[in-house]
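We did not get these values from a lab; they are worked out from the coordinates using the rules stated. All values reported here derive from a predicted model rather than from experimental measurement. Quick reminder, even Gly has a Cβ in these numbers, built from the backbone with ideal geometry, and neighbours come from all protein chains shown.
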Amino acid sequence: MTNTSSYRSQLAGQLRDAAAPVRTLLSDLSPADVPLPYAVDILDAFIELERLAASGKVLIAARAAESEAWRRAGSPSAAAWLALRQGTDTGRARADLETSQQLGGLTGTADAVRNGELSPQQAGAVAAGASVNPAAEDDLLETAKSDSLRHTKEEAARRRAEVEGEESKVERERKVRAGRKTYWWSKGGRWCMYAEGPLAEGAELQQALENRIGEIHRDRRNGQREGREQYAYDALVDLVCGRTPTTSDAVVADRPRTRESVRRLMLVRVDLAALVNGAVGDGDVCEIPGIGPVSVEQARTMFGDSILRLVTTNGTAVIDVVNPARKPTEAQRIAKLWTDPKCCVAGCNRTVDLEYEHREDYARTQHTVLVESEHMCTFHHQLKTLENWQLVAGTGRRAFVDPDDPRHPHHTPDPPESPTRAPEPPGRPRAAPASPELRARYDAAHRAARRAE
Ligand SMILES: [Zn+2]
């Protein structure tokens with residue numbers, strides 16, 4: 001019979017033995033002496049190592065908490081005990097423990113963690129959705145592997161909301177509302193502010209700020225440019241105090257206030273069936289894009305607000321028109337915000353200042369149709385127009401690549417054989433590169449080569 005505690009200590013011993021050479025390598029690491037071209041490779045190796053260790057930790061954490069070692073150590077909770085051991089705050093440790101517990105019931109996610117494919121935070125985001133809606137596990141795993149953490153969290157919230165009862169959503173909104181708070185303090189010569197409240201009100205507040213940020217941005221176009229965070233602060237001061245704070249450029253001073261001229265639409269995405277039935281059904285949506293899911297009751301309340309547009313659909317597609325102009329119609333613009341509230345580049349989380357892009361060249365098609373369009377943020381749009389970056393083939397959120405990448409739609413492949421390389425033995429198939437990323441590039445390069453023949 002295996003003694004569990006000695007088995008565990010044996011495993012721990014093996015892990016410590018495995019760590020010893022890393023410790024030696026680390027003690028010899030002098031970043032300034034690393035030739036620049038190798039720095040990224042070394043960084044990647046450490047990230048891989050970190051992920052492996054973090055995966056092991058998140059798998060075992062709940063089991064370690066079960067041992068009640070935290071009680072014996074005099075800690076008030078398992079989270080406080082773990083926080084002290086791993087040197088994080090209690091919130092982080094609590095989230096790690098919660099993920100660890102949820103992984104027990106999610107085989108696919110646990111396997112992805114074991115393979116080092118997900119960070120603990122990514123696993124936590126997947127588990128938060130899949131533990132409530134198990135049918136969403138595979139989709140969320142795919143999202144986590146190919147897109148940003150924030151996008152994964154948003155998708156998880158949406159999939160959770162699909163199966164969460166309307167009553168519990170209303171109840172949660174009531175609790176959040178009861179616990180709303182704003183406080184401020186000063187520290188080191190800075191004044192700071194924190195606000196927390198229901199999603200719907202937050203979305204309205206955010207919209208008012210976005211509108212004002214847009215105006216400030218436009219008004220100062222010819223003056224000294226500052227960052228979005230600075231404009232956001234100015235917008236807050238302006239909205240609360242009714243003035244624009246003094247800044248290094250005073251271009252706005254003599255200009256008449258034209259607050260109404262720059263307006264961004266605030267959308268509530270809700271399926272018609274949900275709105276009528278008062279609850280979301282399977283696959284239905286009721287959310288404020290970029291903010292999160294809300295109850296249908298909340299959406300109905302917001303419907304009364306004149307600055308809101310409610311886009312309803314019948315479950316599947318927004319009805320589209322073929323528009324002969326280059327610019328999308330107002331209806332198309334709203335519909336696009338409904339279907340794609342974010343930049344189409346995988347990993348990009350921008351939801352403001354989105355450019356409407358024609359996937360097919362307008363000069364050729366001479367029409368504007370929703371299904372042939374993309375939403376792209378200003379930053380990625382500039383990379384596209386100035387440096388010829390392109391989205392890879394396909395639709396939806398996907399990779400955005402530079403002109404040298406084999407997946408670039410206009411990439412010209414290098415000659416397949418280098419003249420200096422020895423010829424391969426006849427009949428032996430060439431081995432494909434190991435990683436999925438390299439394999440995809442390899443396949444795309446070969447497809448492109450075949451097309452060019
Ligand atoms: Zn973007």
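Details
- Flagged links, alpha-carbon separation over 28 Å, of 145/384; 336/384; 187/342: 187/342
- Anisotropy class of region 1-119 from Cα gyration tensor, a/c 1.5 cut: prolate
- The peptide list 38-51, 326-339, 186-199, 384-397, put in order of mean Cβ contacts within 10 Å with the highest first, becomes 326-339, 384-397, 38-51, 186-199.
- Reach of residue 169 by Cα under 23 Å, taken over lysines that are not fewer than 8 positions away in the same chain: 153, 181
- Estimated at 0.36 nm per residue, the fully extended path between residue 114 and residue 222 surpasses their Cα-Cα distance by 33.5 nm.
- Averaged over residues, the count of other Cβ atoms within 10 Å places the peptides 73-86, 93-106 in the sequence 93-106, 73-86, highest first.
- Here region 57-179 yields Rg over Rh of 1.01, to two decimals, using C-alpha coordinates and the Kirkwood radius.
- Of the peptides 274-287, 203-216, the ranking by mean beta-carbon count within 10 Å, highest at the top, reads 203-216, 274-287.
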